[in-house]
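The next block holds one structure in the form of structure tokens; read it before the comments.
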Amino acid sequence: MDERYDPAAVERSAREAWQAANAFAADESAPGEKYYCLSMFPYPSGRLHMGHVRNYTIGDVLARFMRMQGRNVLQPMGWDAFGLPAENAAMANGVPPARWTRENIAYMKGQLQSLGLAIDWRRELATCDPQYYRWNQWLFLRMLEKGIAYKKTGTVNWDPVDQTVLANEQVIDGRGWRTGALVEKREIPMYYFGITKYADALRAALDDLPGWPERVRTMQANWIGRSEGVELDFPFADDTRTLLGNDGALRVFTTRADTLFGVTYVAVAAEHPVALAAARGDAQLAAFVDECKRGSTMEADVATQEKRGMPTGRHVRHPLTGLQLPVWVANYVLMGYGEGAVMAVPAHDERDFEFAQKYSLPVRTVVGSASGAYDAVTAPWQEIYEHPGVLVDSQQFTGLTSAAAVDAIATALADQGLGKKRVQYRLRDWGISRQRYWGCPIPIIHCARCGDVPVPDKDLPVRLPENLVPDGSGNPLAKTPSFYQCKCPTCGGDARRETDTMDTFVDSSWYFLRFACADNEGAMVDERANYWLQVDQYIGGIEHAILHLLYARFWTRVMHDMGMVKTPEPFANLLTQGMVLNHIFHRTPANGRRQYFNPADVDLVIDPVTRASQATLRSDGSPVTYEGLGTMSKSRNNGVDPNLLTEKYGADTARLFMMFTAPPEQSLEWSDDGVLGANRFLRRLWKAVYEHVVAGAGQAQESTSAAALSGISGGDRELRRIAHQTLAKVEDDIGRRRVFNTAVAAVMELLNAVGRHTGQEPAARAVRQEALEIAVLCLSPIVPHVTHALWQELGQTQPLWRSLWRKADPAALVQDLIEVVVQVNGKLRGRISVPPGAPDEELRAAALAEESVRKYLEGQPPRKVIVVRGKLVNVVV
RNA sequence: GCGAAAGUGGCGAAACUGGUAGACGCGCAAGCCUUAGGAGCUUGUGGGGCAACCCGUGAGAGUUCGAGUCUCUCCUUUCGCACCA
């Protein structure tokens, strides 16, 4: 055995052994209960970052641990390979996105492999493979048939200079990111998935996901946003009905039907038909409506805008009082929610109040607090009262509580056919059309005679040409006749192929199903998906808490309803790992842009008393500004390249650092010293095994069976107890609690105990042999390479990756005497040693006999004595 | 604004069920060793005090024999959502 721990050699040989044995190939017919362990697949951006390393290490620890528990484990890996960055890189380098993407995949696969992940690479897939995305297209067509997918106009960000659609992240301060031109909103036809039909099912099923973090479930529930209310009609009081050509009423949705008698105006969104109709005869209004359409479609931007509006000149009648009310266009009303129109109650709604104040609209108070603290009758008009309460000035509903009034008013409206109770969701249908090149083509053909014709299944996949280079102006597919020119499948005439591609969230909504049967060319999924699904453990970043996870749940449910998979929910357990943080340093030169410096080049000193920080750039000795901790990112130059880390110390050190420094859900602070510490521990582990092995060289190996070790005593017995305690603790920490830092700490303690243990007689050697085996076994999911080597050095014939976890020997855990704490008035005053099963009376007597206790009793009997068996005795004096 | 989570040594953290606060590691200090290394080993390390002891988990109150843990009020930080009618 080498005296020195050489990570490069150790890791190479371990990986070769795994590869030669095809050690992590997952087989449906293998024994053991299945365990599907999945980390979110990466976007092939070019290189792995530390967030990936953390994500995949967590998954690998669980996958390897479960293997050792006898489970039949599947851990696959793939590539979320479509998307905008490839197009940007293509523009910058003049290389087709396909080539850029595939080169990145090849490089990053090498990086992943050097981390030693126990992955079944035979199942690898990339979403840009036609054999993958053909099934996107296929299911899209099935959804179209079922009416789950449909076409309607939607609003997009339009760059008038580049003549192209922009993603939200390409709009900066309302301007196009490349041209700086003011972005416009544009209505274009798009395809949608009817996820709102599933809103209630998706929301209700959140309660059946106990393995998901509470906060993710809350975020999803809020996103779906269920609210119960009343939809009601305000009949038009003028000729608007003929103008619109509809049944003659303005429909609104409200959750506060109890405030109906406080309505003083009705407000509609700029895109509302009433607004558009009114604008036709009113140039000023038309200009305002037009202005509202400009600007970003981002809701967060909309939210910060000042409230503005204009009267339409149109009027409606109050459904119950018949009073005439003006209709306003208001920029705070969203076309996409409810009916795109609201009944405005300035007295009881802050937004309506603000608007009414600005435009001098009347305020009518109709609810007061039940306690009388807020007197609705005498309340000044400058105040609003948003809480529920008791109704005033509301005809026959006066005196009812808000809750009762909602029901009574809804009934009254329903009787007249003017309204009914309804549930409204915040969630909107999922628009999947993207006017982009590098994505999955939407399989539709537009024919002048036959309309929008689905591509027949036999013609799938609609292949994306891979040789195009986008130039930033519009979608290259729309400029490639060989792609868009086609024949109509129905009439055979000349037709035009849809050039929009699908949102990349579609690609990632079902990849976990395809891993189960990635080689099946004849079907999207097969029975193997039912074997592996649900994913037993899904691991990924919190940034996917809403969209990806919700879309994946929706897609799985659609496939479930079509009878393609048995489970409606894809992920049984979810672990959201924390971010990887590092320090951020910058300088702002007088003339130029802020310049960021890598923390590796900066010395940081923080005064422990004043908290003042002093950061100095090493190269020039001058100060830089310290911004604090933040997520590792290219733009702030505070990333650490995983390659440098693995080249210097090896993958095991990187993995150990990640697992030891913080629990998986918490953010993790980068620390060079911490990495060094992890490496030091592995060297100590190596040395401990080395010294043990060398000292015993040439001797027969002592038996470490429980029977052989039953007669040991003293230090031997103590070490054996610690070893078996560690075994139990690590199993619990990894298997149940999902905390790895305390598992590592426990093994560190075990190794410290091994260091204190001496003796070369057979019994001592056997105990130490067993303790080292347990240490190596416990660490093996976390640092698989070095433990693979040490396991062999400890004389094991079965390779570690084939070995099973050991159960702690109950006999080893038994202690002759245990320490019990003695408190006086809850303060620690002493300790006594007693047999584990000692009765309360004995504990009480022993505690009272303690010198430290008698001192406080001063000859008096204690007021009270509390005995917690096996833990403590508290004497109250 | 709404919602959620979190505040513990010089630092990362531990304390899972109300029961010894600070395990484990980093850093630091002293000493030892040496093939002088990004090495290794030993010891110490919450604050105060010679000591007995006292004080200590963001602040303040409460429940309890006993509170980092439970309750209330407040402060701070982080994250998410954000004109959702």
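Contact order, relative form, for the stretch A:455-561: 18 percent (alpha carbon pairs under 8 Å, 6 or more residues apart, mean separation divided by residue count). Placing A:K729, A:K109 in order of accessible area, with the largest value first and a 1.4 Å probe, yields A:K729, A:K109.
Hey, with R₀ at 35 Å, roughly what FRET efficiency would A:R175 and A:A106 work out to, going by the Cβ-Cβ distance, to 0.05? Using R0 = 35 Å, I get an efficiency of 0.40. If you sort A:S45, A:S852 by accessible surface, 1.4 Å probe, largest first, the order is A:S45, A:S852. Length gained on full extension, A:R426 to A:E306, computed as 0.36 nm times the residue gap minus the Cα-Cα distance: 41.0 nm.
Can you give the local net charge around A:S509? Use residues other than it whose beta-carbon is closer than 10 angstrom to its beta-carbon, Lys and Arg +1, Asp and Glu -1. Net charge in that neighbourhood comes out at -1. A Förster radius of 35 Å, combined with the Cβ-Cβ distance separating A:Q395 from A:S227, puts the computed FRET efficiency at roughly 0.85.
Report note on the peptides A:480-490, A:138-148: ranked by the mean count of other C-beta atoms within 10 Å, highest first, their order is A:138-148, A:480-490. Each of A:H52, A:A344, A:G870 was placed along the dipole of chain A (beta-carbon charges, centred on the mean Cα), and the one lying farthest toward the positive end is A:G870. In this label model, A:D840 and A:L206 are separated by 4.6 nm, measuring between points 7 Å along each Cα→Cβ vector.
Suppose the chain between A:S369 and A:S803 were pulled fully straight at 0.36 nm per residue; how much longer would it get relative to their current alpha carbon spacing? Fully extending the segment from A:S369 to A:S803 adds 149.3 nm. With K and R counted +1 and D and E -1, the other residues having a Cβ less than 14 Å from that of A:A204 yield a net charge of +2. Summing Lys, Arg as +1 and Asp, Glu as -1, what charge do residues with Cβ under 14 Å from the Cβ of A:P130 carry, A:P130 excluded? Summing Lys and Arg as +1 and Asp and Glu as -1 gives -1.
Per residue, chain A exposes 44 Å² of accessible surface when a 1.4 Å probe is rolled over the protein heavy atoms with every protein chain present. Using the rule -39500 (n - 2.57) for each DSSP H run of four or more residues, divided by the residues of chain A, the 222 nm mean residue ellipticity is -10500 deg cm²/dmol. Expressed as a whole percent, the accessible surface of the stretch A:494-579 that belongs to carbon and sulfur atoms is 47, based on a 1.4 Å probe.
Only protein heavy atoms count here; under a 1.4 Å probe, A:V624 has an accessible surface of about 10 Å².
For chain A, the Cβ-based charge dipole about the Cα centre amounts to some 460 debye (Lys, Arg positive; Asp, Glu negative; other atoms uncharged). For the residue pairs A:K293/A:K634; A:K34/A:K109; A:K648/A:K807; A:K146/A:K487; A:K152/A:K634; A:K152/A:K458, alpha carbon separations beyond 32 Å are given by A:K293/A:K634; A:K648/A:K807; A:K152/A:K634. Under 26 Å Cα-Cα from A:K827, which lysines qualify once same-chain neighbours fewer than 8 residues away are excluded? In chain and number order, the partners are A:K855, A:K864, A:K871. Look at the dipole of chain A built from charges on Cβ: of A:A283, A:P835, A:L477, the Cα furthest out on the positive end belongs to A:P835. Using the Kirkwood radius over Cα pairs, work out the Stokes-Einstein diffusion coefficient for the stretch A:25-163 at 25 °C and 0.890 mPa s, in µm²/s as a whole number. Approximately 138 µm²/s, per Stokes-Einstein. Annotation: extensible slack from A:R47 through A:V694 equals 228.7 nm (criterion: 0.36 nm per residue apart, minus Cα-Cα distance). Residue-wise HN-Hα couplings along the stretch A:423-432, as the Karplus relation 6.51 cos²θ - 1.76 cosθ + 1.60 with θ = phi - 60° gives them from phi, are 9, 10, 10, 6, 3, 10, 5, 8, x, 10 Hz; Gly and Pro carry x.
Using a 7 Å offset from Cα along Cα-Cβ at A:H560, what residues in the stretch A:524-547 end up with backbone N under 12 Å from the label point? Only A:534-535 fall inside the zone, counting backbone N under 12 Å.
The values are calculated or read from the model by the stated rules, or taken from the named source; none is laboratory data. Because the structure is a prediction, the values reported are computed rather than measured. Using ideal geometry, Cβ is built from the backbone for each residue, glycine included, and neighbour counts are taken over all protein chains shown. Heavy atoms of the whole protein, side chains included, go into the accessibility calculation; ligands, DNA and RNA do not. Shrake-Rupley method; radii C 1.70, N 1.55, O 1.52, S 1.80 Å.
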